[in-house]
Amino acid sequence: MTIQLKRRVTLDEFEAFIAYPENTEKLFEFVSGEIVEVPSNPYASKIAGKIFGELYIYLKSNDIGHLTGEAGGYMVGGERYAPDVAYISYDRQPELAGQGYNPNPPELAVEVVSNASNAEEQRRLRFKLTSYLATGVMVWVVNTEERRVEVYQAGQVAQELDERDTLKAEAILPGFELAIKDIFPPTKS
């Protein structure tokens, strides 16, 4: 759900808004001057959970960083995002922030599209991609309807992967592989 505002807000206004008692249990993003309440979608959350689970298993054997879910917010440039799944190495940040948004952007952000036909969600996602890439974040955009994953990295051509492909992030997660087909539930005939 987007909080409708008559004008764009500043980062200070965003910080004040999320500090109101009625907002402390909610999750918000600050995207291009807009306050956005992070929507809830059980199916998208399930898909994010599968990716989180695979990354968790990898990181149990390769203890090289922190993994956060959809409630973990990050400062990305002058914005505030809550990716569905995110990873940041111990080298970049030995301990995560205990409150508020993590001061450093993640190295990997996973954004699961909850409604591909929602033009407003797509517009905000494009703004977020720009900020993520400008701060060196690798982004996996998961399209649940088309069962595809778009991979974005600064200075590289975006890739679109389907269920025949495998996700990798060798530079930040050496040896990690996740078959795209394993992200989505089996199709029903």
Consider only pairs whose beta carbons are under 9 Å apart and that are at least six residues apart or on different chains; among these, list those whose first residue lies in segment 161-189 and is closer than 16 Å to residue 138 by Cα and at pLDDT 95 or above and whose second residue is among the aliphatic types (A, V, I, L, M) and part of a loop (DSSP other than H, G, I, E, B).
167/183; 172/64; 173/64; 174/64; 176/169
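Name the residue that is modelled with the lowest pLDDT, counting only residues in segment 91-140 that are of a type in the set (Phe, Trp, Tyr) and not in a loop (DSSP other than H, G, I, E, B).
As a first pass, look at segment 91-140 and keep what is of a type in the set (Phe, Trp, Tyr): 101, 127, 132, 140.
So of that shortlist, the ones also not in a loop (DSSP other than H, G, I, E, B) come out as 127, 132, 140.
Working: 127: 92, 132: 97, 140: 98.
My answer is 127.
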Looking only at segment 18-36, and only at residues there that are over 14 Å from the mean Cα position of the chain (by Cα) and of a type in the set (D, E, K, R), the one that is farthest from residue 74 (Cα to Cα):
22
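Being more than 16 Å from the chain's Cα centre (by Cα), aliphatic (A, V, I, L, M) and surrounded by 12 or more Cβ atoms within 10 Å (Cβ to Cβ) narrows it down to one of 125, 167, 108, 173, so name that one. Even if it seems obvious, please write down each step before you answer.
On the way: 125 fails: more than 16 Å from the chain's Cα centre (by Cα); 167 fails: more than 16 Å from the chain's Cα centre (by Cα); 108 fails: more than 16 Å from the chain's Cα centre (by Cα).
Unique residue meeting the criteria: 173.
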Considering only residues that are loosely packed, with under 14 Cβ neighbours inside 10 Å, of a type in the set (A, V, I, L, M) and closer than 19 Å to residue 122 by Cβ, which ones fall in segment 138-164?
158
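Applying the selection to segment 13-38, what residues are in a strand (DSSP E or B) and in contact with a Phe, Trp or Tyr (Cβ under 7 Å, 6 or more places away or on another chain)? Write out each step before concluding.
Taking segment 13-38 as the starting set, the residues that turn out to be in a strand (DSSP E or B) are 28-31, 34-37.
29, 30, 31, 35, 36, 37 - these are the residues of segment 13-38 that are in a strand (DSSP E or B) and in contact with a Phe, Trp or Tyr (Cβ under 7 Å, 6 or more places away or on another chain).
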Here are some conditions: (1) among the acidic types (Asp, Glu); (2) within 21 Å of residue 167 (Cβ to Cβ); (3) in a helix (DSSP H, G or I). Residue 63 meets all but one. Which one does it not meet?
(3)
Taking segment 133-143 on its own, how many of its residues are within 8 Å of residue 109 (Cα to Cα) and free of Cβ contacts under 8 Å to residues at least 60 places away in the same chain?
2
Only one of (1) touching a residue at least 12 places away in the same chain (Cβ under 8 Å); (2) surrounded by 13 or more Cβ atoms within 10 Å (Cβ to Cβ) does not apply to residue 103, and that is (2)
Scanning segment 18-48 residue by residue, those surrounded by fewer than 16 Cβ atoms within 10 Å (Cβ to Cβ), in contact with a strand residue (DSSP E or B) (Cβ under 7 Å, 6 or more places away or on another chain) and more than 23 Å from residue 130 (Cβ to Cβ) turn out to be 26
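Just to check your reading of the model, which residue among 160, 121 is farther than 21 Å from residue 10 by Cα and acidic (Asp, Glu)?
Working: 121 fails: farther than 21 Å from residue 10 by Cα.
Of the residues listed, the single one that is farther than 21 Å from residue 10 by Cα and acidic (Asp, Glu) is 160.
Does residue 56 satisfy being assigned to a strand (DSSP E or B), closer than 19 Å to residue 141 by Cα and among the hydroxyl-bearing types (Ser, Thr, Tyr)? Can you show your working first?
Numbers: assigned to a strand (DSSP E or B): no; closer than 19 Å to residue 141 by Cα: yes; among the hydroxyl-bearing types (Ser, Thr, Tyr): yes.
In short, no.
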Given the criteria surrounded by 12 or more Cβ atoms within 10 Å (Cβ to Cβ) and farther than 21 Å from residue 182 by Cα, does residue 55 qualify?
no
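Considering only segment 72-90, how many residues are outside any loop (DSSP other than H, G, I, E, B), aliphatic (A, V, I, L, M), in contact with a strand residue (DSSP E or B) (Cβ under 7 Å, 6 or more places away or on another chain) and within 20 Å of residue 125 (Cα to Cα)?
Filtering segment 72-90 for residues outside any loop (DSSP other than H, G, I, E, B) gives 74-76, 79-81, 85-89.
Then drop every residue that is not aliphatic (A, V, I, L, M), which leaves 75-76, 85-86, 88.
With the extra rule that they be in contact with a strand residue (DSSP E or B) (Cβ under 7 Å, 6 or more places away or on another chain), the set shrinks to 75, 85-86, 88.
The next check asks that each one be within 20 Å of residue 125 (Cα to Cα); those that pass are 75, 85-86.
Result for segment 72-90: 3.
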Could you tell me whether segment 166-176 includes any residue that is touching a Gly at 6+ places or on another chain (Cβ under 9 Å) and assigned to a loop (DSSP other than H, G, I, E, B)?
yes
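The values are calculated or read from the model by the stated rules, or taken from the named source; none is laboratory data. Source: prediction; values computed, not measured. Note: ideal-geometry Cβ built from the backbone for every residue, glycine included; neighbour counts use all protein chains shown.
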